[in-house]
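Report on the structure given below.
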Amino acid sequence: MLPVKPSLDGRSGSASIGAGSFGELQVQGALNLPIGDRSAIRFAANRYEHDGYNKSGTNDADTLALRGQYLFNASDRVSVRVGVDYTKLGGMGPGT
């Protein structure tokens, strides 16, 4: 998935939460903040987890993903965007 670029057009944000069987929980959120007229930052997060589908507890999920970006428009023709990503994949994984 391509990251959404920070925007200079104003503050914005979004959030969603979902739940399901086997203790499924998914939480997503994003926040965009302009800094002056030429730069902005954007943060996004995703958390997904569910219990194992197998009796042994395997086939579960436990993930966390975070992203931060900084945009600086030096001129009409030059812009710089720097981003950092963090992902944690956990859980017991697939069973046999």
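The values are calculated or read from the model by the stated rules, or taken from the named source; none is laboratory data. The structure presented is a predicted model; accordingly, all values stated were derived computationally and were not measured. Cβ atoms come from the backbone with ideal geometry, glycine included; neighbour counts cover every protein chain shown. All accessible areas refer to the heavy atoms of the entire protein, side chains included, with ligands and DNA or RNA removed. Shrake-Rupley method; radii C 1.70, N 1.55, O 1.52, S 1.80 Å.
Look at S75 and say whether it is within 19 Å of S7 (Cβ to Cβ) and not in a strand (DSSP E or B). So S75 passes the test.
Of the residues in the stretch 20-59, how many are part of a loop (DSSP other than H, G, I, E, B) and open to solvent by less than 40 Å² (accessible area, probe 1.4 Å)? Summing the residues that are part of a loop (DSSP other than H, G, I, E, B) and open to solvent by less than 40 Å² (accessible area, probe 1.4 Å) in the stretch 20-59 gives 3.
Selection of first residues in the stretch 54-78 that are at negative phi and of second residues that are in a loop (DSSP other than H, G, I, E, B) and open to solvent by 60 Å² or more (accessible area, probe 1.4 Å), restricted to Cβ pairs under 6 Å at least 6 apart or on distinct chains, gives the following pairs, ordered by first then second residue: T58/M92; D60/D51; D60/M92; N73/R38. Summed over the stretch 84-96, residues that are in contact with a Gly (Cβ under 9 Å, 6 or more places away or on another chain) and open to solvent by less than 80 Å² (accessible area, probe 1.4 Å) total 2. The number of residues in the stretch 60-83 that are of a type in the set (D, E) and surrounded by 13 or more Cβ atoms within 10 Å (Cβ to Cβ) comes to 2.
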